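Visitor: Mind looking over this structure? Questions follow.
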Amino acid sequence: MTRLGRVLPLLAALLMPICAQANPALEAVIADNLEGLERPSRLTVEPLVAQIAATGPEGLALLQAWSERQLGLTEDGRAVIIGDDDAATDAVTGQPVPEADPQMLRPNSGVRGVIESALVAGALNDPDPSRRRAALDSLARGGSFEQLTALRAALDDPDPTLAARKARLERLLTIQVGENSEARVTAIEDLAGDVSLDFRAALNPLLVTRRVVATEEPQGNVAREISIDGDDLPREAAIALLVSEGVLEPRLTSAEQRAALAANLSDGRVGGVPVADLSDPDARDRAYEALEDAGTVPPAATEAEVQAALDAHRVYELYAEPDPAVTEAARAAQIRAQVRLGAMQGIDLGLDALSLASIYFLAAIGLAVTFGVMRVINMAHGEFIMMGAYTGYTVQTLIADRTLSLVVALPLAFAVTFGAGVVLYRLVIRHLAHRPLETLLATFGVSIALQQLAKNIFGTQARPLTAPAWLEGSITINDVISISSIRVAIFVLALLFLGLFLFIMKRTRLGLEVRAVTQNPGMAASMGINPDRIAMMTFGLGSGIAGIAGVAIGLFAQVTSEIGQQYIVQSFMTVVVGGVGNIWGTLAGATLIGGLSKVIESFNPGNTLAAQTFMILFIIIFIQFRPRGIIPQKGRAAEA
Amino acid sequence: MTRTPFILRTPSTLIVLAVLAVFTITVTLLSAAYGTGAIPTSMVKTLGMTLCLALAAVAMDLVWGYLGILSLGQMAFFALGGYMIGQWLMYARTEGIVAASLSGNPIPFTPQELRDGVTNQIFGVVGSAELPMVWGFAHSLTLQLILVVAVPGLLALVFGWLAFRSRVNGVYLSILTQAMTLALALWLFQNDSGFRGNNGLSGLQNLPGLDHVGQARLSVWFLWASALALGLFYVIAAWLVSGKFGSVTRAIRDDETRVRFLGYPVEGFKLVVFTLAAMITAIAGALYYPQAGIINPAEMMPIASIYLAVWVAIGGRGRLYGAVIGAFVVSLLSTWFTGGRAPSINLPGYVVNWVDWWQVALGLSFVLVTLYAPKGIAGIFDLIGRKGDRA
């Protein structure tokens, strides 16, 4: 089917209802030009095609059928279209013609080119913008020179978007099928630097190469010579290429050699070599050569022959596109496109890293707070994240409206985990003051109990926490840069909490007291601050933020009882790297960890395991240089 | 001045050795291969594995109870030891199988064919056609046995040197050790790491060349070996901590800065104990995994090391026998409760199924032990009037 054939069924479908009426003009044209229809020539057919096209939709349908070799002429001089189901319809009236036995028309490719460009011109000048758009869509998938000419004649368009599109498509088509090499090179240079998919797709076919084996430089557009045994063509691949080109006998695999030897075993010897010696590869070669000399086995390339063939031949890459000027321009444009593409991918990576950093920040901030004030690591922090996520899920099962449920879930998750944090502090952590390692282990006990409890209540399968519709989808800037709305929302949430936290710590009585207790608990207590109450409030606050982080994480990950575990180690790393001095340390740590994991991942796409390994190694080494983190706690508190 | 022999100064060591001997003889006499068969082979294996875990717990106690480093990465050394011995077990056994299948051919096989066959058998599952470099020594039992202690020892040495010299301590160090084991596990999870990714090494329960012995007898042999290793290293550990060396490590645990000001090379002491413990743990692992039969990177995820710390804490840290008791009690109880054989408790309206609730009970009991019995189970010996020696 021709390319145009993809547009025209659509057009034909649109036109079908009108076809029921007779078209006297078309009938007259057919009657006058039976000879021309039957034996068209490229030079003379143009006026006829124009006449038929001018008769209206039936004329266009006829032209389409003609170019697709589905048009026939009956004995009585009527034109009939044979559909895919072999049913014939009259081209003029659209009525079915039973028992027609038409003589099928077989226009040659030159004639078909003329017909197609006429059809494109018709569609491109169609008063209906949607038909013009459909014609452009079809052209965007590729076209012939005739179609390009038709497009150039129809560049003006009342709709500015379509006019711009036509102009762009004209350039792209010129690259592919332009009249001469200057026109194509100019078109490539016009668009160079563009990173959109359609331009890159137009360049790619120009740069397709194939490998050719030759003894001297071949005719044609040579891209480069490939050195054998280099990175691009290892020795084995070169041998395989020579074999497939027929210039080298295939080498014997060791399995084939063994089979051949086994088939010629007689009296415990093969080719004069005792079987017992055949565990030595050299002995096997000797035996096979003896058999080869005797003519019992087909000859196979020996190592020396292989080497000789490799030495005698050179491998070239030839462009499928014959014009060197075009390929050169295309190569230059592709490099420019790749450079710009790299820059944009960098920006995209930065956005990804930022969103990951905000997640780590949200997950780690509570941990950093409790660690900074009380010097304890709360291993159950991940389970508070989980509690928040399950709170979000539970609220969603009760409130159907997703936006409303999210609005309810966020403060509720904070309240639930704040409460859990306070309870944990009152029951466990308070009794383990100044024993950080015991606290670590005790909270670990809480962590495994909570995890199993969640499994018992919610089951082991993942629970969905669905984002409201306005958070689905993504913000797309161009073909390369895009970011999902949820991640933007999480970034905003992280900023919000950064602000809120700074406000609490710097502007409220509670913050003042927290800072006092952090710096010197004894002095703070003697000033009338209750360190126990402050520690409890801080612990609750930290846990509450973990709950909020849980809702946020649940929105893009599945809610399971292990959801906290996936983030807890990264949160620890964030705290360790950032230092516990203040919230900016946590922010710096999260940015570093988030950015680094994305960067390492981009070097090694698809292998997140390796990325995480290198990340952790980096952190272990980083600690060598800044043992107390990026922003360390200063003063006497740091020694505690 | 006459010195009391070490063994007499620490009666607890004698008691532990005696209990261990009685335990081993009892299990042997009740095993299917050498006795009545009252204990099935799978149970003998479980007990042998528990002995190895107890040895790992003793090493953990050295590091945590006597040096004050809560290492949350001990199981990395344990699993590394297992991987090192597993390489030989798997390679040698596969080599035997491949050689047997190749010798069916009229033409004798070349060394290359044998190696290709083995590679294909072991690494076909991760789509690799070449034997990774790290398997270069796998053909030799001696070399792999050296690697069992060398690789984890070197890792501990390098990691410890990096961590201790930059004065990372307390919870920071715990987190860092956890990061180390996580990094190692994630690396091993990759298919191209050379250790078969998450498939791990399997079929380790079959000793090459000993197929005719049978699992029943092998399991008892491994029980003996595990008991021997536990006894030997228990004595070494007890001797180490009973002398001046032990006094210094305990002093480091209680006030590191002061010990440093007194002129002791704190980092050196830490490094020696940390590395020694890593090697002991690796030996325990090398004995454990041939009994378990399979090893994969999940074994060194941080959670496993935390459980090790839990056993030591529940058993009673700062006493070596506490670690042994903790490992035995908690791991055997875990096996029993999660094995589905523990009777469910019928409450009105709800059936407490232990498979589901054991983790909750373990977690909570762990909190309770930390809060109310910081000396762990071993603290009971203090309570019942017998003055437990602080070995």
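Coordinate-derived values only; no laboratory data. Keep in mind that this is a model prediction, so the values were computed, not measured. Positions of Cβ are generated from backbone atoms using ideal geometry, with glycine treated the same way; all protein chains shown enter the neighbour counts.
Visitor: Tell me the angle of helix A:436-458 to the major Cα principal axis of chain A, expressed in degrees between 0 and 90 and rounded to the nearest ten.
Guide: Helix A:436-458 sits roughly 50 degrees off the main axis of chain A.
Visitor: Let me know the whole percent of all Cα-Cα pairs from the protein assembly as shown that are separated by more than 45 Å. Could the numbers behind the result be given before it?
Guide: On the way: 291278 of 530965 pairs.
Tail of the P(r) past 45 Å holds 55 percent of the pairs.
Visitor: Roughly how tilted is helix A:381-398, in degrees to the nearest 10 and between 0 and 90, from the longest Cα axis of chain A?
Guide: For A:381-398 against chain A, the angle is about 60 degrees.
Visitor: For chain B, what are the DSSP H helices with axial Cα length of 30 Å or more and mean Kyte-Doolittle hydropathy of at least 0.0?
Guide: On the way: long enough: B:41-64 (34 Å, 1.47); B:74-102 (42 Å, 0.80); B:141-165 (35 Å, 2.03); B:215-242 (39 Å, 1.48); B:266-292 (38 Å, 1.26).
Counting only whole DSSP H runs, the qualifying helices are B:41-64, B:74-102, B:141-165, B:215-242, B:266-292.
Visitor: Tell me which of A:510, A:567, A:361 sits at the most positive position along the dipole axis of segment A:343-568, charges placed on C-beta atoms (Lys, Arg +1; Asp, Glu -1).
Guide: The listed residue farthest towards the positive side: A:510.
Visitor: Sticking with the crude label model, points 7 Å out along Cα→Cβ, report the distance from residue A:345 to residue A:200 in nm, one decimal please.
Guide: 0.8 nm
Visitor: Using a 10 Å cut-off on Cβ to Cβ distances, tally the other chain neighbours for every residue of A:433-439 and report the average as a whole number.
Guide: Values: counts 0, 0, 2, 5, 12, 6, 2.
So the per-residue partner count for this stretch is 4.
Visitor: Once Lys and Arg get +1 and Asp and Glu get -1 on their Cβ, which of A:51, A:319, A:214 lies farthest toward the positive end of the dipole of chain A?
Guide: Working it through, the farthest residue towards the positive pole turns out to be A:319.
Visitor: By count of other Cβ within 10 Å, fewest leading, how are A:149, A:460, A:370 ordered?
Guide: Values: A:149 17, A:460 10, A:370 28.
Taking fewest neighbouring Cβ atoms as first place, the list is A:460, A:149, A:370.
Visitor: May I pose another question? What's the long-distance tail for chain B, i.e. % of Cα pairs beyond 32 Å?
Guide: Values: 29726 of 76245 pairs.
More than 32 Å apart: 39 percent of the Cα pairs in chain B.
Visitor: While we're looking at this one, here's another question. Treating the beta-carbon of each Lys and Arg as +1 and of each Asp and Glu as -1, no other charges, what is the dipole magnitude of segment A:343-568 about its Cα centre, to the nearest 20 debye? Don't skip to the end; give the middle numbers.
Guide: Numbers: 13 positive and 10 negative charges, 158 e Å.
Here segment A:343-568 has a charge dipole of around 760 debye.
Visitor: For the charge dipole of the protein assembly as shown, defined by +1 on Lys and Arg C-beta atoms and -1 on Asp and Glu C-beta atoms about the Cα centroid, which residue among A:287, A:405, B:330 has the Cα displaced farthest towards the positive pole?
Guide: B:330
Visitor: Relative to the longest principal Cα axis of chain A, at what angle does helix A:235-244 sit, 0 to 90 degrees, rounded to 10?
Guide: Once rounded, one gets 20 degrees.
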